[in-house]
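This report refers to the structure that appears directly beneath it.
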Amino acid sequence: MTAAPAPATFVALDSDGTVLDTMGPKQHRFLQPMLADALRLEGPLRDAYFACADFVNLRSAARGITRFNAVLLALTLLNRHPAYRASGRPPLPLAPLRAFVASGLPQSDAALDAWLRQHPDPLLRTLLQWGRAVNAAILGSGAVFDVFPGVADALAAMHRASTLGIVSQSPERVLRQDWGAHGLLAHVDAVAGQELGAKAAQLDALTRAYPPHAVLMVGDAFGDLQAARARGCRFFPILPDHEAASWRTLAHEIYPAFLAGAYAPEREATLIAAFTHALPSPDSPPWER
């Protein structure tokens, strides 16, 4: 019996903040309090770090960047924060973390572990232990994060006509737990996590058999848009705080147009303009404006 031909189109899906309402819950339950504990931030310093991390990870153009890059940006803001300056503590020494982030290595625990063998540093060691502890805590918690309204039906409909794949900076085992809890893995054909490197590399690895015009990237962060631009494919943004409306637009307008080869650049540009307006520069927090 001859196997059915593969679908002619590919839809790549970010996970956190796009399909699953995990961005805020993971930040507030795991990432932020566990790092504040690891860095011994208490009282006003703890509150200041939470404000910096919230802005970087949820409300700025840095939303969705790799975990260690996000930590670098948040701690850079923390060093400048009025509460930190008033504390009299010396600035956190971020040069080693900046070097790792700029190294071009995958932003994973394994890559940081290997980096530390050649570039020992106390803060990086703390961040490695924190990263591993966060992953273990999320997996061990059994937490089931909400799926945005309309996602399950949209994925099922798209999967009937396209190949679907996850492209995310979360570890693959976390992705499989989060999506599997809602039965969403039945609607995807491939799962790419942080182990495969940056999103552009993940997207390229999953879609090499497809011409650029046959690939659609769906995401809620500028890293998703940048990955789409690197691949030369189309992009659809999920707007933070407007996820349900975004999924309706994707399911009823954009995906059918994409499938028909009619997702116009002008329509894409309008959506990206609204997306850009919603997420300011990560170097411009509200307390400095």
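Hey, any idea what Rg/Rh is for the range 1-73, computing Rh the Kirkwood way over Cα pairs?
1.26
State, to one decimal in nm, how far the label point of His242 lies from the label point of Asp47, with both points 7 Å from Cα in the Cβ direction.
3.3
For the chain, what is the accessible area per residue in Å² when the probe is 1.4 Å?
44
May I ask you to derive the relative contact order of the range 226-289, considering only C-alpha pairs under 8 Å and at least 6 residues apart, and to give it as an integer percent?
36
Within the accessible area of the chain, what % is carbon and sulfur when the probe is 1.4 Å and the other protein chains stay in place?
Using a 1.4 Å probe with all protein chains present, the chain comes out at 57 percent carbon and sulfur.
Quick one: length gained pulling Ala260 to His28 fully straight, 0.36 nm per residue minus the C-alpha distance?
Result: 79.4 nm gained on full extension.
Using Cα centres only, tell me the gap between the range 1-75 and the range 92-142 in whole Å.
So the two Cα centres are separated by 15 Å.
Provide the FRET efficiency to the nearest 0.05 for the Ala274-Arg117 pair, computing r from the beta carbons and using R0 = 41 Å.
FRET efficiency, Ala274 to Arg117: 0.35.
What share of the DSSP beta bridges in the chain is antiparallel, in percent to the nearest 5?
Restricted to the chain, the bridges split so that about 5 percent are antiparallel.
Once you put a point 7 Å from the Cα of Gln129 and another 7 Å from the Cα of Ser87, both along the Cβ direction, what distance in nm separates them?
For the pair Gln129/Ser87, the computed spacing is 1.8 nm.
Per residue Cα convex hull volume for the range 203-289, in cubic angstrom?
Here the figure is 101 Å³ per residue.
Would you mind counting up the charge near Phe145? Only other residues with Cβ under 11 Å from its Cβ, with Lys and Arg at +1 and Asp and Glu at -1.
Value of the local net charge: -2.
Hey, what did the chain get for relative contact order, percent, Cα under 8 Å, at least 6 apart?
27
Please give me, ordered by residue number, the trypsin sites (Lys or Arg not before Pro) of the range 1-85 that lie in loop per DSSP and have at most 12 other Cβ atoms within 10 Å.
For trypsin sites (Lys or Arg not before Pro) across the range 1-85 that sit outside H, G, I, E and B with at most 12 neighbouring Cβ atoms in 10 Å, the list reads Arg40.
Step through the residues of the range 204-209 one at a time and calculate ³J(HN,Hα) from phi using the Karplus curve (6.51 cos²θ - 1.76 cosθ + 1.60, θ = phi - 60°), rounding each to whole Hz and writing x for Gly and Pro.
4, 5, 7, 10, 4, 7
Cα-based Rg (one decimal) and Dmax (whole number) for the chain, in Å?
When restricted to the Cα atoms of the chain, Rg and Dmax are 19.5, 74 Å.
Helix 109-118 versus the longest principal axis of the chain: what angle, 0 to 90°, nearest 10, using Cα atoms?
Tilt relative to the chain: about 50 degrees.
Once you keep just the Cα pairs under 8 angstrom separated by 6 or more residues, what percentage relative contact order results for the range 180-289?
Once divided by the residue count of the range 180-289, the mean separation gives 18 percent.
Please give the Cα centre distance for the range 143-191 versus the range 232-257, rounded to the nearest Å.
Result: 16 Å between the Cα centres.
The values are calculated or read from the model by the stated rules, or taken from the named source; none is laboratory data. All values reported here derive from a predicted model rather than from experimental measurement. Ideal geometry is used to build each Cβ from the backbone, glycine not excepted, and the neighbour counts take in all protein chains shown. Surface accessibility is based on the protein's heavy atoms, side chains included, excluding ligands, DNA and RNA. Shrake-Rupley method; radii C 1.70, N 1.55, O 1.52, S 1.80 Å.
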